[in-house]
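Just so it is clear, none of the values below were taken in a lab; they were calculated from the coordinates. As the structure is a prediction and not an experimental result, all values here were calculated from the model. All Cβ positions, glycine included, derive from the backbone under ideal geometry; neighbour counts span all protein chains shown.
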Amino acid sequence: MPERTPYIAANWKMNKTVAEAAAFVDALLPRIAATQCDVVVCAPFTALGAVVERRYGTAVKVAAQNMHEEESGAFTGEVSAPMLVELDVEAVVLGHSERRQLFGETDEALARKVPAALAAELEPILCVGESEAARDAGETEEVLERQLQADLAGVESGDLSRVVVAYEPVWAIGTGRTATPEQAQEACAFIRDVLRMRGAAADQVRILYGGSMKPANAAELLALPDVDGGLIGGASLDPTDFAAIVEAAG
Ligand code: PGA
């Protein structure tokens, strides 16, 4: 089995001004100086430049939280992959459940966004996950498989290893309810099985767990065989907490 470099991503959501983002990075960098992990900061569009400026020469990569699939055009309020690349942004979160639920992001749009990100050399962090109702109805695997097949439909099998997948059970996001290690491992292993149907590169894909990950539970979740990292919301807003999670990843 190939070694997968742990991938720890801070999803700030709609938090942090430019000044707050700069202060965070300045506080984070000395705390993670020795890390061997990929450390990623998913910042609001307005703070991307400030994070990019400060992280040159460090392990930190910068991600946006959304993008449009077209390169340019009449799409008021949207930002494209080339615009992010021009800023030296390296990755982009796609399909977060908040965007799916609150802003109507569809699997059809994601099927175009994921290849558009790859074509622009942006690393897509594709989020999938079941609602509480779907889990209660025993439909977790069905939902995950449907989302993965639809959202990755346009990705060549040779490009699969460039995609990062985040398993984010909707009922665990921002709720303080974390998936049990058994639930997280089972879902992430299932995701890898679905990816394996598309090619051997599945063993190289980093699969993250997201949903109320924090310093107190990170080590246990990150030790699971199919959990290669975390997408962290609330606990990523504080540099000490986020650095503790990076440290837990080894
Ligand atoms: P949370 O958010 O860590 O606050 O639950 C995770 C996410 O939405 O990516």
Practice task
Round to a whole angstrom and tell me the spacing of the C-alpha centers of the range 101-150 and the range 169-217.
Solution key: 13 Å
Fill in the blank from the handout: Everything considered on the Cα gyration tensor (a ≥ b ≥ c; rounded for a/c under 1.5, else prolate if a/b is larger than b/c, else oblate), the chain must be described as rounded
Exercise for the section: Place the peptides 242-248, 25-31, 127-133 in order of packing, highest mean first, counting for every residue the other Cβ atoms within 10 Å and averaging per peptide. Expected result: 242-248, 127-133, 25-31
Practice task
Starting from the Cα gyration tensor of the range 117-232, take the square roots of the eigenvalues, sort them a ≥ b ≥ c, and report rounded, prolate or oblate (rounded when a/c is under 1.5, otherwise prolate if a/b is larger than b/c, else oblate).
Solution key: prolate
Completion exercise
Expected sort for 94-105, 74-85, 38-49 on mean C-beta neighbours within 10 Å, highest first, is 38-49, 94-105, 74-85
Fill in the blank from the handout: Checked the range 88-154 against the a/c 1.5 cut and the a/b vs b/c comparison, axes a ≥ b ≥ c from its Cα gyration tensor; verdict prolate
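Per DSSP H run of n ≥ 4, the term is -39500 (n - 2.57); total these for the chain, divide by its residue number, and report the mean residue ellipticity at 222 nm rounded to 500 deg cm²/dmol. Working shown, then result.
On the way: 10 runs with 101 residues, N = 250.
Helix contribution divided over all residues of the chain: -12000 deg cm²/dmol.
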